[in-house]
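These notes concern the structure reproduced below.
No lab work stands behind these numbers, since they all come straight from the coordinates. In this text, all values refer to a predicted model and were calculated from it rather than measured experimentally. Ideal geometry is used to build each Cβ from the backbone, glycine not excepted, and the neighbour counts take in all protein chains shown.
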Amino acid sequence: MKAIASTTITYPIVETFHSIQGEGSWTGVSAFFIRLAGCDVHCPWCDQKESWTIKPYPQQSVEELATLAKQANPAIVVITGGEPLMYDLDPLTKQLRGLGLQLHLETSGTHQFSGHFDWVTFSPKPFKLPHDSIYPQVNELKVVIASQLDLQWAQQQGTKVPLGTIKYLQPEWHTPDSQQLIYDFVLQYPDWRISLQMHKFLGVR
Ligand code: SF4
């Protein structure tokens, strides 16, 4: 049987766009986003609920996505979702890397890890437990905080990531009380930092 060329492999894509990275260590950096469709975590406060299903979205080929990313000329390419690890990311990352692009992943880590990245942002959610394969890959841990219970979840996940991982707490955008919670927490636990969603303050995507 004839093998399928990896460049013709497709993924369901909610959107691609060029903006700035608004969160974490790379905040403010020019970034091209590839948002894959599909997520089975279903966080109640998710701001990307339209990305949970796969059906309405077009399939785009690895080659097409890599061309768009290269044309944008960003500092980094961010593969996000939805939950991108629902798919084998090896073909996509191979093509993007072949064009000399720097690749970042944003994931809740709930599926087997795949792909080759320069930076992995792990944002675990208590609504679906992470897969063990994510932990050795993590460069940055980013936990969204909506309540006191989420702080316990953050601490528990913080013990599982590699030494040297940068650890962020991010206030849930629609829960103003979370800002005070994380402020107090970071003063008490100096190995944690605060991440704010700069793109929302700027009113951009
Ligand atoms: S993991 Fe991300 S995309 Fe999925 S429901 Fe939670 S916040 Fe939304």
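Could you work out the relative contact order of the chain, using alpha carbon pairs under 8 angstrom and six or more residues apart, expressed as a whole percent? Numbers along the way, then the final one.
Numbers: 411 pairs, mean separation 36.1, N = 205.
Relative contact order for the chain comes out at 18 percent.
Of the chymotrypsin sites (Phe, Trp or Tyr not before Pro) found in the range 1-71, those that fall in a DSSP loop while having at most 16 other beta-carbon atoms within 10 Å are W45. Between the residues T165, T175, L105, the greatest Cα displacement towards the positive end of the dipole of the chain, with unit charges on the Cβ of Lys, Arg, Asp and Glu, is found for L105. What separates the Cα centres of the range 95-110 and the range 1-77 is a distance of 10 Å. What the phi angles of the range 101-115 give under the Karplus curve with 6.51, -1.76 and 1.60, with θ = phi - 60°, is a coupling list of 7, 8, 10, 10, 10, 10, 8, 8, x, 8, 10, 3, 5, 8, x Hz, glycine and proline written as x. Applying the Karplus relation 6.51 cos²θ - 1.76 cosθ + 1.60 with θ = phi - 60° to the range 26-39 yields 3J(HN,Hα) values of 9, 3, x, 8, 4, 9, 9, 9, 10, 9, 7, 8, x, 8 Hz, where x marks Gly and Pro.
What the Cα atoms of the range 124-189 give is an Rg and a Dmax of 11.9, 34 Å.
Residues whose amide H comes within less than 5 Å of that of I20, counting only those at least five positions distant or on another chain, are A31 (H built at 1.01 Å from N in the peptide plane). In this simple spin-label approximation, I54 and E15 carry label points 7 Å from Cα along the Cα→Cβ vector, and these lie 2.2 nm apart. Remark on Q170: its backbone amide H falls under 5 Å from those of V143, V144, I145, S195, a criterion applied only to residues 5 or more positions apart or on other chains, H modelled at 1.01 Å from N. The three principal axes of the C-alpha atoms in the range 67-205 carry coordinate ranges of 44, 36, 26 Å, sorted with the longest axis first.
Axis angle, to the nearest 10 degrees, between helix 148-158 and the longest C-alpha principal axis of the chain: 60 degrees. The phi torsions of the range 131-146, fed into the Karplus equation with coefficients 6.51, -1.76 and 1.60 and a -60° offset, translate into couplings of 7, 4, 5, 6, 4, x, 8, 6, 9, 9, 9, 10, 10, 7, 10, 10 Hz, rounded to whole numbers, with Gly and Pro shown as x.
Relative to the longest principal axis of the Cα atoms of the chain, the long axis of helix 177-188 makes an angle of roughly 70 degrees.
As a proxy for reagent exposure, ranking Y11, Y57 by other Cβ atoms within 10 Å from fewest up yields Y57, Y11.
Rounded to the nearest 10 degrees, the angle from helix 62-72 to the longest Cα principal axis of the chain is 70 degrees. Placing +1 on the Cβ of every Lys and Arg and -1 on the Cβ of every Asp and Glu, with no other charges, gives the chain a dipole of roughly 300 debye about its Cα centre.
Close amide H contacts of V77 (hydrogens built in the peptide plane, cut-off under 5 Å, sequence separation of 5 or more or a different chain): F32, Q102, L103, H104.
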